[in-house]
Amino acid sequence: MNESIKAIRGMNDILPTMTGWWQRVEDILRDTAMAYGYEEIRLPVVEMTPLYARAIGEVTDIVEKEMYSFADRGGESLTLRPEGTAGCVRAALEHGLLHNQSAKLYYSGPMFRYERPQKGRYRQFHQFGMESLGLSGPDIDAELILVCARLWQALGIADHVHLEINSLGDADARVSYRQALVNYLNIHRSVLDEDSQRRLDSNPLRVLDSKHPATQEVLNNAPILADYLDEAAAEHFATLRALLDKAGVVYRVNPRLVRGLDYYNRAVFEWVTTALGAQGTVCAGGRYDGLVAQLGGSPTPAVGMAMGMERLILLCQEVTEAQVSRQADVMVLGQGEGYSGAALVLAEKIRDGLTGLRVLVHMGGGGFKSQFRRADRSGARFALILGEDEMATGRVTIKWLREERDQEVMSQEEAVVWLRAHFAL
Ligand code: ATP
Ligand code: MG
């Protein structure tokens with residue numbers, strides 16, 4: 001026997017038992033993005049490697065160790081996209097979407113990062129992202145956060161995620177803050193975990209992100225970014241907070257919140273849950289006013305966010321009523337001479353008359369007992385039975401599968417009307 005070939009570690013098949021969840025969540029995401037005037041953009045899954053090095057930053061976890069990069073047959077270095085913002089901005093510039101106008105764009109699809117797979121962390125995962133290009137905020141920043149709040153309501157997880165915000169300030173402030181942080185951390189260098197010691201030289205702001213207890217202890221007395229903000233960034237952040245207060249959004253200012261991608265500035269935010277263990281961030285975003293110019297456009301303010309679909313769906317499953325996977329609303333079954341033709345025709349009549357109803361036809365023979373077992377598993381509410389008698393008289397027997405009620409016999413035309421009434425279609 002040939003050895004079977006397996007999927008790549010950290011890259012998951014999404015099976016029919018789960019795709020119902022994905023479709024539900026994706027529908028809600030799309031509808032909500034649309035309700036705020038965002039339009040969909042569909043982007044390639046592969047881009048030129050330098051796009052990510054330039055946008056995300058050379059000294060970031062993503063670019064240093066998480067990218068799937070390879071040389072194509074022409075020798076060009078390409079990368080499977082690790083995130084969507086860089087490609088989105090590249091496309092907006094390439095197609096002139098920002099000429100004298102702003103753009104509100106959303107996208108969704110697979111992203112790729114070479115990380116250690118675990119619950120909520122995969123090598124192929126999916127993001128839904130929204131980017132607003134051309135507005136300096138903070139009203140648009142606040143609106144983006146309101147989009148999230150509305151999404152959590154619609155998904156039924158609002159009580160299980162909380163919002164953290166911070167301001168990273170602008171480039172100048174970050175330079176002086178970075179120096180102050182490095183000076184402080186250098187005094188305590190020997191106490192820091194190994195990763196943080198390394199980051200202290202390469203990307204010191206990321207030390208703020210460390211989960212290591214000894215490092216956290218040191219960080220408790222570290223200088224705070226907020227004290228280094230210039231006036232414009234401080235005002236931007238204060239107004240954002242006032243807008244969130246006005247809209248009734250609850251948040252916590254987390255002075256240590258930094259993002260793992262270099263392009264962020266000013267306001268950044270994360271929606272976090274405690275229900276998923278270590279992988280608690282379901283959505284992250286912020287302002288990236290420098291990125292468009294960095295990628296060759298004229299200076300254009302921008303703000304965006306991305307949510308991890310797998311984590312969102314895990315959370316929905318964890319905290320909301322689990323949705324049973326259901327193949328059918330109605331199942332046609334029976335036996336006898338001419339059953340196959342009669343069943344196919346009846347099912348077509350029902351589909352003609354009741355758009356949207358899921359109609360399954362039993363095929364493959366077998367006795368009534370096993371057919372009813374299958375009907376039960378399908379999730380159907382009603383079985384439409386075509387036995388010898390029914391076929392002889394052009395009638396059909398309707399049996400309730402989920403309730404103890406008397407079955408009914410009627411003509412096929414009446415059955416369509418009866419079903420319409422019972423499904424309230
Ligand atoms: P984390 O700190 O969990 O590594 P991140 O800061 O790298 O997240 P972003 O690049 O901001 O994440 O991506 C936005 C969202 O995408 C995250 O909040 C998370 O929900 C999701 N995400 C990121 N990496 C993964 C992954 N490897 N597997 C599943 N979801 C992911
Ligand atoms: Mg990460």
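The values are calculated or read from the model by the stated rules, or taken from the named source; none is laboratory data. What you see is a predicted model; the values in this text were computed from it and never measured. Reconstructed Cβ throughout: ideal geometry from the backbone, glycine too, with neighbour counts over all protein chains shown. In case anyone asks, the SASA skips ligands and DNA or RNA and just uses the protein heavy atoms, side chains included. Shrake-Rupley method; radii C 1.70, N 1.55, O 1.52, S 1.80 Å.
Here's the yes/no breakdown for (1) assigned by TED's automatic domain parsing to the domain that holds residue 272; (2) out of contact with any helix residue (DSSP H, G or I) (no Cβ under 7 Å at 6 or more places or on another chain):
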{"site": "165", "(1), (2)": "yes, yes"}
{"site": "182", "(1), (2)": "no, no"}
{"site": "189", "(1), (2)": "no, no"}
{"site": "220", "(1), (2)": "no, yes"}
{"site": "223", "(1), (2)": "no, no"}
So is residue 264 more than 16 Å from ligand 1 (Cβ to nearest atom), of a type in the set (Phe, Trp, Tyr) and either more than 21 Å from residue 174 (Cα to Cα) or touching a Phe, Trp or Tyr at 6+ places or on another chain (Cβ under 7 Å) (or both) or not?
-> no
So is residue 30 away from ligand 1 (no atom under 15 Å from the Cβ), assigned to a helix (DSSP H, G or I) and buried (at least 19 other Cβ atoms within 10 Å of the Cβ) or not?
-> no
Name the one entry in 83, 40 that is open to solvent by 40 Å² or more (accessible area, probe 1.4 Å), of a type outside the set (S, T, N, Q) and in the same structural domain as residue 123 (by TED's automatic domain parsing).
-> 40
Scan the stretch 186-230 for residues that are open to solvent by 50 Å² or more (accessible area, probe 1.4 Å) and of a type in the set (S, T, N, Q) and jot them down.
-> 186, 190, 197, 216, 220, 221
Of the residues that make up the stretch 108-120, is at least one under 21 Å from residue 287 (Cβ atoms), out of contact with any Phe, Trp or Tyr (no Cβ under 7 Å at 6 or more places or on another chain) and open to solvent by less than 20 Å² (accessible area, probe 1.4 Å)?
-> no
If we take the stretch 64-137, then strands (runs of 3 or more DSSP E) inside it with 3 or more residues that are over 14 Å from residue 302 (Cα atoms) and within 15 Å of ligand 2 (Cβ to nearest atom) are 124-133
In the stretch 167-185, residue farthest from residue 31 (Cα to Cα) [restricted to those that are out of contact with any Pro (no Cβ under 6 Å at 6 or more places or on another chain) and open to solvent by less than 30 Å² (accessible area, probe 1.4 Å)] | 185
So is residue 336 surrounded by 13 or more Cβ atoms within 10 Å (Cβ to Cβ) and on the phi > 0 side of the Ramachandran plot or not?
-> yes
Pair list, Cβ < 6 Å and 6+ apart or interchain, from the stretch 160-184 residues that are on the phi > 0 side of the Ramachandran plot to residues that are modelled with pLDDT of 90 or more = 169/229; 169/233
Matching residues in the stretch 35-63 - criterion: being within 16 Å of ligand 2 (Cβ to nearest atom) and at positive phi = 57
Give the residue that is nearest to ligand 2 (Cβ to nearest atom), with candidates limited to residues of the stretch 294-305 that are outside any loop (DSSP other than H, G, I, E, B) and buried (at least 20 other Cβ atoms within 10 Å of the Cβ).
-> 305
Can you pull out the helices (runs of 4 or more DSSP H) entirely within the stretch 338-425 that have at least 1 residues that are in contact with a helix residue (DSSP H, G or I) (Cβ under 8 Å, 6 or more places away or on another chain)?
-> 339-353, 388-393, 412-422
Consider residue 56 carefully, then state whether it is more than 24 Å from residue 115 (Cβ to Cβ), surrounded by 17 or more Cβ atoms within 10 Å (Cβ to Cβ) and not polar (S, T, N, Q).
-> no
Residue under evaluation residue 287, criteria (1) surrounded by fewer than 21 Cβ atoms within 10 Å (Cβ to Cβ); (2) assigned by TED's automatic domain parsing to the domain that holds residue 23, criterion not met = (1)
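Filter the stretch 33-58 for residues that are in a loop (DSSP other than H, G, I, E, B) and within 15 Å of ligand 1 (Cβ to nearest atom) and give the result.
Correct list: 57 only.
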